[in-house]
Amino acid sequence: MRSLGISTARAAYDRGIRLLDIAPELAVNLHDETIVTASDASPVVVRRYQGPRPSSGTLLWLHGGGYCVGSLASADPVCRMLAVRSGMTVISVAYRLAPEAPFPAAVDDALAAYTWVRTGIERDSPVVLGGDSAGATLALVTALLARDRSMPMPTALLLAYPTAAGRRPSESKARYAEGHFLELADLDWFYDNYTGPRDLDMDFRFAPLAASTLRGLPPTWIAVAELDPLRDEGRGLASALRDAQVTTIETEYAGLVHGFLQMGGIVPAAARAHVDALAFLATRGNRRI
């Protein structure tokens, strides 16, 4: 994608997901809503998914795409699957993208969506924060901000191959820099668009491992891809969460690359991650606070 213009890259990403992902579940009702944020930013559009069963809670989902690409459309198949098979209401967030809206715009929109859920439709019921890749990082950061602002905490975190250490080097970034779907040059391109020349590796809103503490976070599920430049960040985050006494389930999926959660149409092993995520939601996601 780094060789394309940003508009072309976004269209290519959405088209690619449709080719790779599972067939969309049809037994779901959905509609779009608009959140008016407290800032001068543009309103945030969210898409609500409701499966055939009565809702057992809400999963607020933040899509991946390196803060630059990805959309409600790219997240649609996985959100449909989660809504139908978990029994939860799924709310997908169309947060602002870089480079038009650089850091911390995506963080602000994720927090605005969580605040909207918590103060309105789901004031007292279970709310899980989840996402994949950059969206997983946004989910984690939103939980940290909620904790620091004494807001109601999410019931659980569902994180698929998050970024956690910013631009810091790692063994997996060196080993899987090329030839494994997400390349290190792509990652640098995403970060250049999102942060510009700023060094934000010590800002937990960009690199959550820079947080002064991870204590107080809810039970967390982390999916790690073996052949991923970000593998070591997922491992490191899981270790840091355990050190902070956070209940953490870490599963590394052998032989899979970054983004596999949305490759279920061609990668049968992705179905295992779907089952694991749904099992975690069943045991942790719908416990009332």
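Quick notes on this structure:
- Screening the range 94-117 for residues that are over 15 Å from the mean Cα position of the chain (by Cα) and crowded, with 20+ Cβ neighbours inside 10 Å and picking the one that is modelled with the highest pLDDT gives 98.
- Exclusive hit being buried (at least 20 other Cβ atoms within 10 Å of the Cβ), within 18 Å of the chain's Cα centre (by Cα) and free of Cβ contacts under 8 Å to residues at least 60 places away in the same chain, set 139, 146: 146
- Figure legend. Inter-residue proximity from the range 168-197: first residues of a type in the set (Val, Ile, Thr), second residues surrounded by 19 or more Cβ atoms within 10 Å (Cβ to Cβ), beta-carbon distance below 8 Å, spacing 6+ or different chains. Indicated pairs: 195/103; 195/206.
- Complete set of residues in the range 5-28 that are closer than 19 Å to residue 101 by Cβ and either surrounded by fewer than 17 Cβ atoms within 10 Å (Cβ to Cβ) or free of Cβ contacts under 8 Å to residues at least 24 places away in the same chain (or both): 5, 6, 7, 8, 11
- Residue in the range 60-68 that is over 18 Å from residue 194 (Cβ atoms), surrounded by 24 or more Cβ atoms within 10 Å (Cβ to Cβ) and over 13 Å from the mean Cα position of the chain (by Cα) present: no
- Taking the criterion of being part of a helix (DSSP H, G or I) and either surrounded by fewer than 20 Cβ atoms within 10 Å (Cβ to Cβ) or modelled with pLDDT under 95 (or both), the residues of the range 188-208 that qualify are 188, 189, 192.
- Only a single item in (1) surrounded by fewer than 17 Cβ atoms within 10 Å (Cβ to Cβ); (2) closer than 30 Å to residue 153 by Cβ is not met by residue 268, and it is number (2).
- Flag for residue 40 being within 19 Å of residue 70 (Cβ to Cβ) and either modelled with pLDDT under 95 or under 19 Å from the mean Cα position of the chain (by Cα) (or both): no
- Test: residue in the range 79-102 that is of a type in the set (Asp, Glu), within 29 Å of residue 1 (Cα to Cα) and in a helix (DSSP H, G or I): no
- Filter result for residue 157 (under 20 Å from residue 5 (Cβ atoms), at pLDDT 95 or above, among the aliphatic types (A, V, I, L, M) and buried (at least 19 other Cβ atoms within 10 Å of the Cβ)): no
- The range 233-259 - residue that is over 10 Å from residue 162 (Cα atoms) and among the acidic types (Asp, Glu) and, of those, surrounded by the fewest Cβ atoms within 10 Å (Cβ to Cβ): 243
- No other residue among 278, 200 is hydrophobic (A, V, I, L, M, F, W, C) and out of contact with any Gly (no Cβ under 7 Å at 6 or more places or on another chain) apart from 278.
- Looking across 171, 183, one residue alone is of a type outside the set (Gly, Ala, Ser) and surrounded by fewer than 17 Cβ atoms within 10 Å (Cβ to Cβ). It is 171.
- Residues in the range 29-57 that are touching a Lys or Arg at 6+ places or on another chain (Cβ under 9 Å) and crowded, with 19+ Cβ neighbours inside 10 Å were compared, and the one that is nearest to residue 88 (Cα to Cα) is 57.
- Single residue of 142, 115, 137 found to be out of contact with any Pro (no Cβ under 9 Å at 6 or more places or on another chain) and among the β-branched types (Val, Ile, Thr): 115
- The residues in the range 239-270 that are in a loop (DSSP other than H, G, I, E, B) and in contact with a strand residue (DSSP E or B) (Cβ under 9 Å, 6 or more places away or on another chain) can be counted, and the count is 7.
The values are calculated or read from the model by the stated rules, or taken from the named source; none is laboratory data. Since the structure is predicted, the reported quantities are computational estimates derived from the model, not experimental observations. Reconstructed Cβ throughout: ideal geometry from the backbone, glycine too, with neighbour counts over all protein chains shown.
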